[in-house]
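The values are calculated or read from the model by the stated rules, or taken from the named source; none is laboratory data. This is a predicted model, so every value here is computed, not measured. Ideal geometry is used to build each Cβ from the backbone, glycine not excepted, and the neighbour counts take in all protein chains shown.
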Amino acid sequence: MKREYYVTPKPSPIMKFFWTAAGADHFILERATYSDQIKYMCLGGIVVATGVMAAIAGGYAFYTIFEPRGSAIESEFHLGVALASMLFGCVWGLMIFNIDRFIVTSTGKGDGTEAITWEEFKGAIPRIVMGAIIALTISKPVEIRMFKTEIDAKLYEEQLELQKEYEKRTTANFEERLKVVEGDLGKILSDRQNLIERIKVAEQAYTDNLMGKANGIGAGNGPLSKALKGQLDALNAELTRFDNINAAKLNEAEKKRKEILSEKEVALSKNAQVASGLDGLLERIKLAHHIAGLWISLFITLLFMTIELTPIFFKLMLVKTPYDYMEENIKELMKADEGIYIQYNYYKDKQGLERDLVTHMKVEKLIHEKVALLEKQKELTKYAVGKYGEKLKKQIDDNPDGFIQVEPITPSPNDN
């Protein structure tokens, strides 16, 4: 806008976009000073930057949550999750951008001085709390990305420790089950082995007798040899009966043993899968705090809080400029044009607080017109009813019989 004493620069499309982000009025800024234009451009730039950082942080957090689980140092890229993360990041960034824009536009300008009074700060507390929460949600994903290398190395160590612990617990669990099965199996095998040893002894005695190796007994198949042969046959028959009786038990015990060993192998093969479950967003945030330490983590959080809360404090510290007075002037003109009259601090309420008296002139004018019209309608209705009554009276004077109908009296038969 050109004036004799000042020419307002023409804003660029980028500057107008940042004005929109800051919730500023284009019409007024195009007629205000260049410092006002720059001020709201910087304010909008902070809001846009916060939205962009929120989009990046939200997308990374989404990918970290839903990425394929595996070794911390051998992560695989998943295109589908990446595309979904980009979409979520855009939605999240736009949502944070809109919230920030609302926070900035709803924050007043205070008393128009650089000092922030307690009343101004107290009124801004809800917005400060919301801004702090937003800053936290942005800072944590960025923090774990900053220390990703250190976190991956530490997380891999924890995964290996978890694998060892899982393997130890799994082995101990299956060993208890194997002891029971192998105890039953061992008793049967021990009894069978004892029977086999007895058979071996009987075979040796029978052979020695046939060969004449026994002391004082000649070689040959004599009565003693036949007795030893009968004893050997009896032991072999007992072994056969033993095998027939315990074959089912042996097969069942061996089958259980193989099943338990197979289950053990399957359970142990899940070590990597169990350890990969440790690779989550929560665990990475914990490790980030552990690796970075309290002060570095706090510094990063405070940095994002500063970026997020700067527009709020910035607006509270703003000194009134031509833009502010022009904005107030336009608001007053609009209220006057709409017939809104405000008498500030007109009365005190029950709590002793000063209140404004708001008079809606157009509304009161319309109500007054409606009331006057109703009053006039009542008056005219009353007058019309009176005239109608006079008209009926004149008709009665001219023809009274026309208004009275007398039914003829019929004599009763009992009257004779």
Look at M326 and say whether it is surrounded by 11 or more Cβ atoms within 10 Å (Cβ to Cβ), at pLDDT 85 or above and within 44 Å of the chain's Cα centre (by Cα).
-> yes
Is it true that L318 is in a loop (DSSP other than H, G, I, E, B), surrounded by 14 or more Cβ atoms within 10 Å (Cβ to Cβ) and hydrophobic (A, V, I, L, M, F, W, C)?
-> yes
Take region 115-164 and flag every residue that is part of a helix (DSSP H, G or I), of a type in the set (V, I, T) and either farther than 15 Å from S297 by Cα or in contact with a strand residue (DSSP E or B) (Cβ under 6 Å, 6 or more places away or on another chain) (or both).
-> I125, I128, V129, I133, I134, T149
Long-range neighbours under 6 Å by Cβ, at least six apart or interchain, first residue at negative phi within region 2-14, second among the aromatic types (F, W, Y) and surrounded by 10 or more Cβ atoms within 10 Å (Cβ to Cβ) | P9/Y34
Is it the case that some residue within region 151-162 is at pLDDT 80 or above and over 27 Å from F62 (Cβ atoms)?
-> yes
Kindly indicate the residue of region 329-348 that is among the aromatic types (F, W, Y) and either loosely packed, with under 11 Cβ neighbours inside 10 Å or touching a Cys at 6+ places or on another chain (Cβ under 8 Å) (or both) and also nearest to F97 (Cα to Cα) among those meeting that condition.
-> Y344
Flag for T20 being in contact with a Gly (Cβ under 8 Å, 6 or more places away or on another chain), touching a residue at least 24 places away in the same chain (Cβ under 8 Å) and of a type in the set (S, T, N, Q) | yes
Criterion (closer than 30 Å to M95 by Cβ and without any contact (Cβ under 8 Å) to a residue 12 or more places away in the chain) met by exactly one of I144, I125, I151 = I125
Report yes if L303 is in contact with a helix residue (DSSP H, G or I) (Cβ under 9 Å, 6 or more places away or on another chain), surrounded by fewer than 14 Cβ atoms within 10 Å (Cβ to Cβ) and either not assigned by TED's automatic domain parsing to the domain that holds A24 or not hydroxyl-bearing (S, T, Y) (or both), otherwise no.
-> yes
So L333, is it at pLDDT 85 or above, among the hydrophobic types (A, V, I, L, M, F, W, C) and over 44 Å from the mean Cα position of the chain (by Cα) | yes
